[in-house]
Amino acid sequence: MRIIPISLPTPFYVGPVNVYLIAEDPITLIDTGPKTKETIEALRDGLRKVGFRVSDIRRILLTHAHEDHCGLAKSIRDEAKDAEVLVHAWESGHRIGRLEYDDHRTLLVRAGVTPDEIESMRKVYEGVRQYADSFEPGEYGELRDEEELEFNAGALKTLHTPGHTPGSCSFVREADRTVIAGDCVLKRITPNPVLSPDPVDPSKRFASLSEYLVSLARLRSFAPTLVHGGHGAPVNDFEELFNRYLRAIRERQAAVIGLLPKSGATAWEVAQQMFPDADDVHRFLSVSEAVAHLDLAHSEGKIAVEFADGVEVYRRLS
Ligand SMILES: [Zn+2]
Ligand SMILES: [Zn+2]
């Protein structure tokens, strides 16, 4: 089974996104890139170089429903005459290219984000959502954990690896322990555990960072030899990266706890101290990061949290 990486441009700060062509029947594309003219042209070029066309694609697998990964799914599906689109059911919070903003608003209010700030985050999101076509329920199939995706030659095992988003999935070729991991594993950056409603109970927050730690450990149990991420170069020393991630998470947790004043602070106040210069979409990502670390520290019994006037206030224990 040939796995062919294709790098595509995005209009986002993160830079190019990696999508993967599985050049075996049924011809499968893992992730699509955002919906821009430059991206679809680069995809056509990339496919042509290896002897394929968009219309050859029979199946589209989405690692997750962020615009840089799923944006072109609908137009490729249409051009390829109803290629099958598969995504994990827990990605429904994003409705594939359409964030359920009301659920997010509730979470942002609880994190202490001010109404003005929430409004400007919403505007930033309105700018981002143009890079993906949304899917209605019934227009896509569901990826299931441990499901074997068969090809003419070989198979990929789907692994549900939540954390970056609730429905993030990775794909493992067990024959040589190659993994395609989307934004679950990135060579240069520790993936952001994005603030998300819990898919099971949207009034609650998804425990993104503790889920992420479980996903990393699960990937590690396959002893990957090569991990293809959603951005940047592949990782051929997963063990080193795994340990680096754990260290980075522990260091950041200590820093976050250190930022809590005696009187307590909201996640938004912590985020502003951690990333005072964050602008644009990074203001949302900074509060995501703060909430994720505070939640993990709280679940580990290291800090206390009180709910007062609709806002969560975190305190050090002593
Ligand atoms: Zn992502
Ligand atoms: Zn990404």
Are any residues in the stretch 20-52 closer than 11 Å to ILE76 by Cβ and surrounded by fewer than 17 Cβ atoms within 10 Å (Cβ to Cβ), and if so, which ones?
-> ARG44
Could you tell me whether the stretch 162-177 includes any residue that is within 16 Å of ligand 2 (Cβ to nearest atom), closer than 25 Å to ALA83 by Cβ and of a type in the set (A, V, I, L, M, F, W, C)?
-> yes
Extreme residue, nearest to ligand 2 (Cβ to nearest atom), among residues of the stretch 217-229 that are in contact with a helix residue (DSSP H, G or I) (Cβ under 6 Å, 6 or more places away or on another chain) and open to solvent by less than 50 Å² (accessible area, probe 1.4 Å) = VAL227
Name, by its number, the condition in (1) part of a loop (DSSP other than H, G, I, E, B); (2) in contact with a Ser or Thr (Cβ under 8 Å, 6 or more places away or on another chain); (3) surrounded by fewer than 20 Cβ atoms within 10 Å (Cβ to Cβ) that does not hold for PRO162.
-> (3)
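Taking strands (runs of 3 or more DSSP E) that fall entirely within the stretch 19-109, which contain at least 2 residues that are β-branched (Val, Ile, Thr)? Can you show your working first?
Working: elements: 28-30, 59-61, 84-88.
Qualifying strands (runs of 3 or more DSSP E): 28-30, 84-88.
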Residue satisfying all of: in the stretch 200-216; closer than 18 Å to HIS160 by Cα and touching a helix residue (DSSP H, G or I) at 6+ places or on another chain (Cβ under 7 Å); nearest to ligand 1 (Cβ to nearest atom) among these = SER208
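Yes or no: VAL200 part of a loop (DSSP other than H, G, I, E, B) and within 21 Å of ASP237 (Cα to Cα)?
Values: part of a loop (DSSP other than H, G, I, E, B): yes; within 21 Å of ASP237 (Cα to Cα): no.
In short, no.
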Determine the pairs where a residue that is within 11 Å of ligand 2 (Cβ to nearest atom), located within the stretch 54-71, has a partner that is part of a helix (DSSP H, G or I) and acidic (Asp, Glu) with Cβ atoms under 8 Å apart, the partner being 6 or more residues away or on another chain.
-> HIS64/GLU91; ALA65/GLU91
If you take the residues of the stretch 109-144 that are farther than 30 Å from VAL305 by Cα and among the acidic types (Asp, Glu), which of them is modelled with the lowest pLDDT?
-> GLU136
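Considering only residues of the stretch 297-318 that are hydroxyl-bearing (Ser, Thr, Tyr) and open to solvent by 50 Å² or more (accessible area, probe 1.4 Å), which is modelled with the highest pLDDT? Walk me through it before giving the result.
Quick first cut of the stretch 297-318, residues hydroxyl-bearing (Ser, Thr, Tyr) only: 299, 314, 318.
With the extra rule that they be open to solvent by 50 Å² or more (accessible area, probe 1.4 Å), the set shrinks to 299, 318.
Details: SER299: 96, SER318: 73.
Out of the qualifying residues, it is SER299.
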Output the residues belonging to the stretch 119-135 that are out of contact with any Gly (no Cβ under 7 Å at 6 or more places or on another chain), touching a residue at least 12 places away in the same chain (Cβ under 8 Å) and either among the hydroxyl-bearing types (Ser, Thr, Tyr) or over 23 Å from GLU91 (Cβ atoms) (or both).
-> SER120, TYR125
Could you tell me whether PHE284 is open to solvent by less than 60 Å² (accessible area, probe 1.4 Å) and modelled with pLDDT under 95?
-> yes
Subset of the stretch 193-213 [touching a residue at least 40 places away in the same chain (Cβ under 8 Å) and open to solvent by 30 Å² or more (accessible area, probe 1.4 Å)] = PRO199, PRO202, SER203, ARG205, ALA207, SER210, GLU211, LEU213
If you take the residues in the stretch 69-89 that are closer than 24 Å to GLY15 by Cα and of a type in the set (A, V, I, L, M, F, W, C), which one is farthest from ligand 1 (Cβ to nearest atom)?
-> ILE76
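So, GLU150, is that one without any contact (Cβ under 8 Å) to a residue 12 or more places away in the chain and closer than 21 Å to ALA83 by Cβ or not? Show your work before the answer.
Working: without any contact (Cβ under 8 Å) to a residue 12 or more places away in the chain: yes; closer than 21 Å to ALA83 by Cβ: yes.
So GLU150 passes the test.
Is the stretch 170-183 home to any residue that is open to solvent by less than 40 Å² (accessible area, probe 1.4 Å) and outside any strand (DSSP E or B)? Before the answer, list the steps.
Here is the first cut: in the stretch 170-183, the residues open to solvent by less than 40 Å² (accessible area, probe 1.4 Å) are 170-172, 178-183.
Next, only the ones that are outside any strand (DSSP E or B) stay: 183.
Checking the stretch 170-183: at least one residue is open to solvent by less than 40 Å² (accessible area, probe 1.4 Å) and outside any strand (DSSP E or B).
The values are calculated or read from the model by the stated rules, or taken from the named source; none is laboratory data. Remember, predicted model here, so these are calculated numbers, not experimental data. When we count neighbours, we look across all protein chains shown, and the Cβ atoms used for this are built from the backbone with ideal geometry, even at glycine. Calculation scope for accessible area: heavy atoms of the full protein, side chains included, ligands and nucleic acids excluded. Shrake-Rupley method; radii C 1.70, N 1.55, O 1.52, S 1.80 Å.
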